[in-house]
Every structure is written in C-alpha cells, then in structure tokens.
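The values are calculated or read from the model by the stated rules, or taken from the named source; none is laboratory data. Keep in mind the model is a prediction, meaning the values are calculated, not measured. Note that we place each Cβ from the backbone using ideal geometry, even for glycine, and neighbour counts take in every protein chain shown.
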Amino acid sequence: MNLKETKTIRVKTEKRPYDVVIGRDIFRNVIESTLKEYKDCNIAIITDSNIEKIYGDKIYQVLDKKTNTFVISFKAGEESKNRKTKEEIEDRLFELNFGRDSLIIALGGGVTGDLAGFIAATYMRGIPFIQIPTTLLSQVDSSIGGKVGIDHPHGKNLLGAFYPPSKVYIDMEFLKTLPKEEILNGFAEIIKAAIIKDNKFFGYLESNIDQIMNLENGYIDHVIISALKVKANVVETDEKESGQRKILNFGHTIGHAIETLSNYDISHGRAVGIGMAVETLISHRLGILTSDEKEQIIAFLKKSKLLEKCPKLSSDKIIEKTISDKKSRKGIVEYALIKGIGESVYGVRVDEKIVRECLREMGFL
C-alpha cells in the first residue's frame, strides 16, 4: 500500500465519532483549513520545545497575523507531563481570555497529546481539541482512543480522562525527522497491535522488518494504517476500557513498571517490548500459549532490537509497582495476555511466583 492520497479511518465511538486522516505533507493544509473552520475561536497550538525548534518557522508562517491563534510551548520530555505543566498552560489560557468557544491543537508526540488533551477535557469543563501527532508512537497509538492524562509520582498516566479528539491528522512526513530510537519506540506498539489481534499482520512485520524500520514508502504506510485499524476496532467496541479494550494493555503492566522504576531512562517502546516478552512468558507458563508461538514472539522482539537494553531492576520492585498501576483491581494485578498470535485475553490474575520466575528468566534480579 503506497499512500498517494489521504486515507480516512472513522472511529465510531459512542461519545463522539471522529475521523483519523492519514497522508503525506498535509501539515500546512491542515493548519490552514483548521484556522478557517475555527476563524471565530481562540486557538492554542500546544507543542513542546523540540517541535517548536524544528517546525516553529513553518507554524509561524502559516499563522502570519492571525491575532486569535497562539503557540504555547513547554519543555520536551516525559518529565513535563505533570500537574505543574498543566497548571502553567491553563494559566496562560486564562491570561489569553480563552473561553468555551476555544480550540486546542495538540502538535507533538504522546506527551503533548496526552497533556493537551487532558487540558482540553478539563478547561471550562471541556473544549474541543485536534490531534496532530508527530512521532510514530503517537501516530499509531496515543493519538486515537481518547485517553488523555498526566503522570504522578506513583505511576504513569494515573490522572486523566476519556476525552476523544474532534479530529486526528497524521502526516507521515513528520517521521523523517525522527531518530532511529523514536522509530523503534513506535514500532513496539505496532508489534503489540499485531500480536493481540492480527496474525497476518504479524507475519507481514516479520517478513518486512528492515523496510519498515527504514520508513520505506508502501511498507510504513501499510503498517501505520493496519495498526490504526486494530486500535480503532478495539476502541469502538469498548471506549471506556470496561472490557475488550483491556487487551491493548498487553506488555504495559510490566512495561509501565519498568518505565517508571527506570525514571524514564528506558523509553516507553523499549519498556513495552520487554513487558511483551515477560507477559509472553507468563502466557506460556499458564499453559495458554504454545511453545512454538512463544519462541516466535520472543525471537521477533529480539530481532526488532526492543530487548537490547534491559535495566537492572529487582523483580520484587517491578511486581510491587504493578500493584499501584491503574489497571489493578483492589490491589490485585490483572494482566492482558495472549492465547496465540492474533488472539488475546484480559483480566487474568497471575500468581506472583510465576511473574517473578518470568521476570528472572528475562534477566531481572
């Protein structure tokens, strides 16, 4: 699939359906059409310092003399996804006299989308926002589904809301500025989408990993659209994560614990990659996943280089951190696991002894 024209995926949620528009070199047109559509509104483009540095000139050229549109930038990095940054941006919106007839555009990666979306969800009890994700990770995962929020010292994404965007625009030209590590970060979520829901897609990833990682046209188009379709399908059936949407947490229970305990030195993608490996071992240990498929998944995670950096963390500390995860119920951790490539289960309670053994098999202390 070589994307020569824009493609639209409709996310049909109960609260508010919205379109995800995918294309190449569409950023300027998107901004211009949005400014025209919301010409009578105050508009805040919320972005981080890295994006402002790379794309600032482009943004300001489009905004030329637009008196009701403002760029609000914050320091790039996961450490900014907190209550203090949220409060500072909200204070700025009040200074600029933003009311309920305002619009927020989230321009950036997952941190920006989560933070700006949470501000949109709570400012004046909710104003519309548009997602323009700039990283592979945010394009295939965090920009759709309506989960917005911030981190807390007790864990990742513990404060937030379900608040769908009005629209999502994915411009694949943004990927050209990303370092290899950021591509790998997003690739973890692409692999997850295939493992939990689509074995044919997983086979495609196995056969074309080099072309995908090199962002070759056609290959990267196909995997982004395939991953988005998996996410959209799951979200449509369970917007508020009361049931099936929990399968999207595969790799994340262990992954979030590793990410937090490493003080985010281990990126989200690598942490989820390690989490998927551990939770694959757990699935096999419980007897719901065959040895052959376990080996196939672990081999591919190794080939993708997601397992290259395994931090020296205590198994007990990881288990302790999973208990404070927002996915646990009454202090009992519930895992999303796999019964086969393309088939997943959720709400599985696992004996701590098994989790500890699988963590140690992966090299944790």
query: From THR112, THR122, which residue is outside any loop (DSSP other than H, G, I, E, B), within 20 Å of THR34 (Cα to Cα) and either in the same structural domain as GLU259 (by TED's automatic domain parsing) or not basic (Lys, Arg) (or both)?
result: THR112
field: Selection within segment 125-163 - at pLDDT 95 or above, over 22 Å from GLU79 (Cβ atoms), assigned to a strand (DSSP E or B) and not β-branched (Val, Ile, Thr)
entry: PHE129
- line: Filtering segment 126-154 down to residues that are under 11 Å from the mean Cα position of the chain (by Cα), aliphatic (A, V, I, L, M) and more than 18 Å from GLU90 (Cα to Cα) yields LEU136, LEU137, VAL140, ILE144
- prompt: What do you reckon, is THR85 of a type outside the set (D, E, K, R) and either assigned to a strand (DSSP E or B) or more than 21 Å from the chain's Cα centre (by Cα) (or both)?
  reply: no
task: Would you point out which residue out of SER304, SER262, SER314 is among the hydroxyl-bearing types (Ser, Thr, Tyr), within 23 Å of GLU78 (Cβ to Cβ) and surrounded by fewer than 16 Cβ atoms within 10 Å (Cβ to Cβ)?
output: SER314
- request: Go through LEU96, LEU103 for me and flag whichever is buried (at least 18 other Cβ atoms within 10 Å of the Cβ) and in contact with a Phe, Trp or Tyr (Cβ under 9 Å, 6 or more places away or on another chain).
  value: LEU103
message: If ASN68 satisfies all but one of (1) polar (S, T, N, Q); (2) buried (at least 21 other Cβ atoms within 10 Å of the Cβ); (3) at pLDDT below 95, what's the number of the condition it fails?
response: (2)
- line: Of the listed residues (ILE190, ILE150, ILE196), the one being touching a Gly at 6+ places or on another chain (Cβ under 8 Å), assigned by TED's automatic domain parsing to the domain that holds LEU337, crowded, with 21+ Cβ neighbours inside 10 Å and not basic (Lys, Arg) is ILE196
query: Name the pairs whose Cβ atoms lie under 8 Å apart, with the first residue in segment 81-92 and within 17 Å of ASP48 (Cβ to Cβ), the second of a type in the set (Lys, Arg), and 6 or more positions between them or separate chains?
result: THR85/LYS75
task: Considering each residue of segment 106-131, count those that are on the phi > 0 side of the Ramachandran plot and surrounded by fewer than 20 Cβ atoms within 10 Å (Cβ to Cβ), and give that number.
output: 3
message: Quick check on GLU259: is it of a type outside the set (Ser, Thr, Tyr), assigned to a helix (DSSP H, G or I), within 26 Å of GLU241 (Cβ to Cβ) and modelled with pLDDT of 95 or more?
response: no
